[in-house]
Structures are given as structure tokens and as C-alpha cells.
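Trainee: Below are the C-alpha cells for one structure; questions will follow.
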Amino acid sequence: MEFSLPRYREPDFAAAPLSSAPDVRWVPSEADGIAPEGFHSTSMFPEYFRVNGAWRLAPESRMDASVVLRPDGQLDVVENRNLRRGDLVAVGRGENGEDGIYLHCHGFDEGAAASAGQFEFRKGRSRETSYARDYDQLLALLKHEREHGNILWVMGPAFAFDSDARRAMQAVIEAGYCHGLLAGNALATHDLEAAHLHTALGQDIYTQVSRPDGHYNHLDVINRVRRCGSIASFIGQYGIQDGILYALTKTGTPYVLTGSIRDDGPLPGVIGDAYEGQAAMRALVRKSTTVICLATMLHTIATGNMTPSFRVQPDGSVRPVYLYAVDADEFVVNKLLDRGSLAATTMVTNVQDFIFVVARGLGLL
């Protein structure tokens with residue numbers, strides 16, 4: 001299958017009601033972290049703001065943030081907690097031009113007519129859905145994005161429990177189909193446990209046979225990594241030669257590990273502060289053009305909330321951002337869509353099988 005990016009269609013600003021819309025109102029923030037009453041909350045879709053009689057696109061967006069007009073005229077999308085006193089914040093809840101704000105949901109649709117209620121939730125799919133075409137489209141997309149885009153993977157620990165899944169993801173990373181990765185402490189811990197001791201939570205990653213005192217294995221690995229001072233130092237000192245973290249380190253691919261209240265250890269490099277972790281995640285999300293979320297409900301929803309459906313490229317053109325949500329549980333992939341977080345492609349399947357099919361389809365296995 002040959003891949004081509006869809007063409008983006010701007011709104012017709014010369015037609016009513018946009019042609020006669022007022023300028024958007026800007027109200028200064030009264031204090032750090034406080035938005036003015038009636039602030040406009042952003043979505044993942046392209047949003048235009050009428051400033052001095054001209055419609056302007058906010059170049060980056062995310063769910064549930066405010067838009068700030070900078071002194072140099074730049075439009076910044078800012079989480080409310082990051083607002084500073086005096087920031088000029090866009091005010092208005094209308095999204096069809098009446099408040100100088102236009103939410104453009106159909107820029108990539110071929111001949112789609114705008115509905116009265118533009119912000120619509122999307123439907124998920126089930127285990128019975130055929131995914132053959134989705135795989136073909138994803139493989140074509142990945143081949144395009146390796147050279148022309150930025151592929152971000154969001155992964156739960158399920159991969160570290162299976163030898164074939166680890167091998168497949170390592171091949172994907174080493175072949176250049178990963179430009180960044182988001183995960184938690186568990187994925188890194190059990191991937192390093194698998195590389196060091198060939199177990200995950202004490203079970204052999206191929207035979208699934210539990211090792212004597214295997215419940216200590218992941219704790220021993222965490223302790224040894226902490227003694228080494230970093231994941232990279234552990235990989236070098238213990239001669240690690242396989243796995244996801246090994247491939248990321250070997251290729252210099254950036255990754256962000258964010259912690260949770262239940263983490264063991266955690267490993268050095270895991271970010272324990274939730275908001276610091278969110279900022280680090282968003283730094284990688286800002287670069288991404290394709291995001292693939294696999295078997296991690298909280299990371300998937302968090303990433304979906306901070307991922308726009310579009311990206312403004314250096315030449316000023318607008319392209320879509322593709323998001324895939326893959327999980328064996330229908331509830332997980334549909335929860336992202338029920339929240340309205342993003343227009344995503346959902347696939348209900350075992351992620352260990354998914355990554356093996358993808359790596360084989362790319363000719364890596």
C-alpha cells in the first residue's frame with residue numbers, strides 16, 4: 001500500500017459567519033495558575049483566533065488548556081497551571097466565530113460538511129472487527145514516517161513479559177521506526193530484568209516457568225541499576241545485549257519514564273513528580289506526527305489529552321497527527337474515545353501479537 005498525506009483545507013474565512021466575526025477578547029490572568037472567568041479551553045483540533053481582523057491558527061494545541069497572546073503576537077497553548085499573572089488569555093466559549101474563535105474539525109476530511117455540534121466523540125471497535133486494512137495502512141504510514149515524520153511509542157509493561165515481543169520491539173527501534181518512547185517504571189524494570197536474568201517478575205520470558213526466589217529478581221535489578229547510577233551505566237557494566245531499553249540506549253533514542261504511586265524503587269531516571277513528568281512527555285509529543293499507544297490505559301489517555309490532531313510543519317503547511325490505541329481490552333481503547341481525547345484508530349488485540357505482526361510486516365523478522 002502506498003502512503004500519502006491528506007491535504008489540509010483551511011476554513012473559508014471570506015464566507016459568513018467568519019467574515020463578519022469579531023476579534024477574540026483577551027483578558028489578563030489575575031494570578032499565577034489562574035485563568036480568567038470564561039476562558040476558552042482548547043481541543044486537539046485546529047483552532048483559529050481572530051486577531052486585529054485576521055484569522056490566525058494556534059500552531060500547537062492539546063486538550064483542556066488556554067491560549068495566550070504573547071507580546072510578539074505569538075499564540076501559545078498553555079496549561080492553566082502554567083499561566084502567569086498578566087498573561088493575556090483568550091476568553092469565549094463560542095466555537096463557530098461568534099467569539100472570534102473557530103474550531104476546525106474537518107480540515108482533513110474529503111468533502112465533509114461541518115455539523116452544528118462540531119466536537120463529536122468517535123466510536124471504538126471490538127474484537128470482531130477486521131484489522132487487516134489497519135495493519136496495511138499502519139505499515140505504509142510507518143515507512144513514510146521513518147523518513148518524513150516522528151514516531152512516538154507509548155508502551156505498557158506487557159512487552160517485557162514475552163521474548164518475541166521484546167525482540168520485535170528491539171528490531172523496530174534499531175531499524176529507525178521509533179523516534180521517542182513514553183512508558184512507566186514497570187516497562188523499564190521488567191525489560192531490564194528480562195535482559196539480565198531472562199525473567200519478568202521471576203518467570204522465564206519464554207517458558208513462563210517461575211524461578212526459585214524469582215520474586216526477588218525485579219527488585220535485585222532495580223537495586224543494581226540504582227547502584228550503577230543510571231540505566232545506561234547498568235547496560236554497560238552488566239553487558240546487556242538485548243531488549244527495549246538496550247535498543248533505545250544503543251540508538252540514542254529519547255525516552256521518558258514517568259512513575260506512579262505504586263512503583264518499586266523506582267529506577268533512576270524515572271520522573272516521580274506527575275507534572276514534571278507530564279511536561280517531559282509533552283516535549284516528545286510536540287515532535288510527534290504518529291503516536292502508537294500499546295497496553296497502558298493511563299499513559300494512553302494522558303498522551304491523547306496532550307496530542308493535537310494536526311501539526312504545523314516548518315514550511316507552514318498543516319498535516320495530520322495519527323494516533324493508534326491498541327489493547328486486548330475494548331474498554332481501554334474505547335475509554336480514550338469516550339473522553340473525546342482524539343480521533344484515533346483503535347485496535348482490540350494482544351499487543352505482543354501486534355508488535356510481532358508489525359515488525360514482520362516491516363521485514364524486520
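The values are calculated or read from the model by the stated rules, or taken from the named source; none is laboratory data. Keep in mind that what you see is a predicted model, and the values were worked out from it rather than measured. Positions of Cβ are generated from backbone atoms using ideal geometry, with glycine treated the same way; all protein chains shown enter the neighbour counts. Heavy atoms of the whole protein, side chains included, go into the accessibility calculation; ligands, DNA and RNA do not. Shrake-Rupley method; radii C 1.70, N 1.55, O 1.52, S 1.80 Å.
Trainee: Could you check which residue among Thr258, Thr129, Thr289 shows the biggest mean-square fluctuation in a GNM of the chain with a 10 Å Cα cutoff?
Mentor: Highest fluctuation of the listed residues: Thr129.
Trainee: Still on this model: Straight-line reach from Lys143: which aspartates and glutamates have a Cα under 19 Å away, not including same-chain ones fewer than 8 places off?
Mentor: Hits, sequence-local ones excluded: Glu2, Asp134, Glu174.
Trainee: Just the accessible area per residue of the chain, please: how many Å² with a 1.4 Å probe?
Mentor: That works out to 45 Å² per residue.
Trainee: Something else now. What list of whole percents do you get for P(r) of region 58-217, with Cα-Cα distances grouped in 5 Å bins up to the one holding the largest distance?
Mentor: 1, 7, 10, 11, 11, 12, 13, 11, 9, 7, 5, 3, 1, 0
Trainee: OK, next. Say we join alpha carbon atoms closer than 10 Å with springs in a Gaussian network model of the chain; which of Thr349, Thr300, Thr189 then has the biggest fluctuation?
Mentor: Sorting by GNM fluctuation, first place goes to Thr349.
Trainee: Now for a different question. How big is D for the chain, in µm² s⁻¹ as a whole number, if Stokes-Einstein is applied with the Kirkwood radius of its Cα pairs at 10 °C and 1.306 mPa s?
Mentor: Using the Kirkwood radius from Cα pairs, D works out to 72 µm²/s.
Trainee: Distance between Cα centroids, region 41-114 to region 138-155: provide it in whole Å.
Mentor: That distance is 28 Å.
Trainee: Along the charge dipole of the chain, pointing to its positive end and built from +1/-1 on Cβ of Lys, Arg, Asp and Glu, which listed residue (Val77, Val348, Leu197) has its Cα farthest out?
Mentor: Final value for the positive-end residue is Leu197.
Trainee: Could you state how much accessible area Lys250 has, in square angstrom rounded to the nearest 10, with a 1.4 Å probe and all protein chains kept in place?
Mentor: About 130 Å², rounded to the nearest 10.
Trainee: Let me ask something else about it. Computing the accessible area with a 1.4 Å probe over protein heavy atoms, can you report the carbon and sulfur percentage for the chain?
Mentor: 49 percent
Trainee: Still on this structure, please answer the following. Compute the FRET efficiency between Ile34 and Asp204 as 1/(1 + (r/R0)^6), taking r as their Cβ-Cβ distance and R0 = 51 Å, and round to the nearest 0.05.
Mentor: With R0 = 51 Å, the Cβ-Cβ based efficiency is 0.40.
Trainee: Exactly which trypsin sites (Lys or Arg not before Pro) in region 57-101 are in a DSSP loop and have at most 14 other Cβ atoms within 10 Å?
Mentor: Arg84, Arg85, Arg93
Trainee: Within region 260-365, what percent of beta bridges assigned by DSSP are antiparallel, to the nearest 5?
Mentor: 25 percent
Trainee: Pick out, in residue order, every one of the trypsin sites (Lys or Arg not before Pro) in region 1-51 that is DSSP loop and has at most 13 other C-beta atoms within 10 Å; say none if there are none.
Mentor: On the way: sites: Arg7, Arg9, Arg25, Arg50; in loops: Arg7, Arg9.
Sparse-neighbourhood loop trypsin sites (Lys or Arg not before Pro): Arg7.
Trainee: Provide the percentage of antiparallel DSSP beta bridges, counting only those with both residues in the chain; round to the nearest 5.
Mentor: Once the DSSP bridges in the chain are tallied, antiparallel ones form about 55 percent.
Trainee: Got the relative contact order for the chain handy, in percent, Cα pairs under 8 Å and 6 or more residues apart?
Mentor: 19 percent
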